[in-house]
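Engineer: Encoded as structure tokens, here's the structure I'll be asking about.
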Amino acid sequence: MVLHTAPCEAAPVSCTDDTGTVITLEAPARRIIALYGAFNEILVEMGQSGRIVARTDADEAIPALAGLPAIGTHMRPNPELVAGLAPDLILQMEGRREAATSVDALRALGIPVAVFRVASFGDLFSVLHRMGTLTGAEQDAAALEARWTARLDTVAGAIARQPHDTGTADGKDHTQPPPRVVFEVRYPNLLAAGADSIVNDIITRAGGVNAVQQPGRVVRLNEEELLRMAPDAYVYQYGPMNPTPVTPDQRPHFTALDAIRDGRVLKVDEHAFSRPGPRSVEAVEQLARFLHPAAFDTNTTTARN
């Protein structure tokens, strides 16, 4: 005789988001809408793509989401379309006032909305763990963090072991300091990544120093300030915030920078560098190779576990 045991009832799950709101679900979320694309990417990396029931207009390029219904933009989702899909959890990134307004409208419909803030890898790991809690997939979240951490550790180890000029006949240490980097968010009307951005942590973990230490995610710079900073490397992104950037060597006055004259310029994908998520680890690997090429002659930091 075969005995069939009744399935255990799912227990409530709870966490506090980055606005101080306690999110409590009667059971782990099964129908999720992430209004911020990188949160969808995290769910996919966790092996939880089957729980995603819709996407924003901007996330069609994510293969796992292409066939899902679109519910509007990141900042202005359509509340009626969202409600019609009966989600039991919505994820949003803290940002501009429009995002907060949409969160209020969705909560008014009785839908739980978790709002997260990500300005560092520490923040990213914290969000990952809370997403694991809300989906009942804590082990998947922990395994993903372990894979990310291993890759970041590989980069750090390669940089630490790279060849250095540790001394000359004068007996003094001539080790070069970390290269100073300016990361362009937008041009013209120059915006750069500030000290409170994920890019700041990406630069640090790639063995550099953000030359822009003003607080904020983005900082407005004029050309005089940029020239005074005299960065060792100049990184500029392309994407929605910087759709058609002119190459820095074609800009008036930029050729006065040593970084431009020496060819220490790197064009990168905005989605990898400015959207905190799985690709943030790829951003560290790419930037580290650019800043410290000698350290990666015999290392393969992009290999996924």
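The values are calculated or read from the model by the stated rules, or taken from the named source; none is laboratory data. The shown structure was predicted, so the numbers you read here are calculated from the model rather than taken from an experiment. Positions of Cβ are generated from backbone atoms using ideal geometry, with glycine treated the same way; all protein chains shown enter the neighbour counts. Note: areas computed on protein heavy atoms with side chains; ligands, DNA, RNA excluded. Shrake-Rupley method; radii C 1.70, N 1.55, O 1.52, S 1.80 Å.
Engineer: Under 5 Å between amide hydrogens, which residues at least 5 positions from ASN78 or on another chain qualify, with H placed 1.01 Å from N in the peptide plane?
Structural biologist: For ASN78, whose amide H was placed from the backbone, the distant partners under 5 Å are GLY72, THR73.
Engineer: Quickly work out the ASN189-to-SER126 label distance, labels modelled 7 Å from Cα along the C-beta direction, and quote it in nm with one decimal.
Structural biologist: 3.2 nm
Engineer: Could you work out the helix-only [θ] at 222 nm for the chain, with each DSSP H run of four or more residues adding -39,500 (n - 2.57) and the total divided by the number of residues, to the nearest 500 deg cm²/dmol?
Structural biologist: The helix contribution divided over the chain gives -10000 deg cm²/dmol.
Engineer: Ranking request for peptides 30-36, 114-120, 79-85: highest mean number of other beta-carbon atoms within 10 Å first, then the rest in descending order.
Structural biologist: 30-36, 114-120, 79-85
Engineer: May I pose another question? Less than 11 Å Cβ to Cβ from ALA195, Lys/Arg counted +1 and Asp/Glu -1: what total charge do the surrounding residues give?
Structural biologist: With Lys, Arg at +1 and Asp, Glu at -1, the net is -1.
Engineer: Does segment 199-240 come out rounded, prolate or oblate, given a ≥ b ≥ c as the square roots of the eigenvalues of its C-alpha gyration tensor, rounded meaning a/c under 1.5 and, failing that, prolate meaning a/b above b/c?
Structural biologist: Taking the square roots of the gyration eigenvalues as a ≥ b ≥ c, segment 199-240 is rounded.
Engineer: Another question about this same structure. Measuring with a 1.4 Å probe in the full set of protein chains, what accessible area per residue, in whole Å², belongs to segment 195-293?
Structural biologist: Per-residue accessible area for segment 195-293 comes out at 44 Å².
Engineer: Now for a different question. Using the beta-carbon distance between LEU85 and THR19 and R0 = 25 Å, what value does 1/(1 + (r/R0)^6) give for FRET efficiency, to the nearest 0.05?
Structural biologist: For R0 = 25 Å, the calculated efficiency reads 0.60.
Engineer: How high is the FRET efficiency from ALA11 to ASN78, r the C-beta distance, R0 30 Å, rounded to 0.05?
Structural biologist: Given R0 = 30 Å and the Cβ-Cβ separation, E is 0.35.
Engineer: Work through the residues other than PRO79 whose Cβ is under 14 Å from its Cβ and net out their charges, Lys, Arg +1 and Asp, Glu -1.
Structural biologist: Local charge sum for PRO79: -1.
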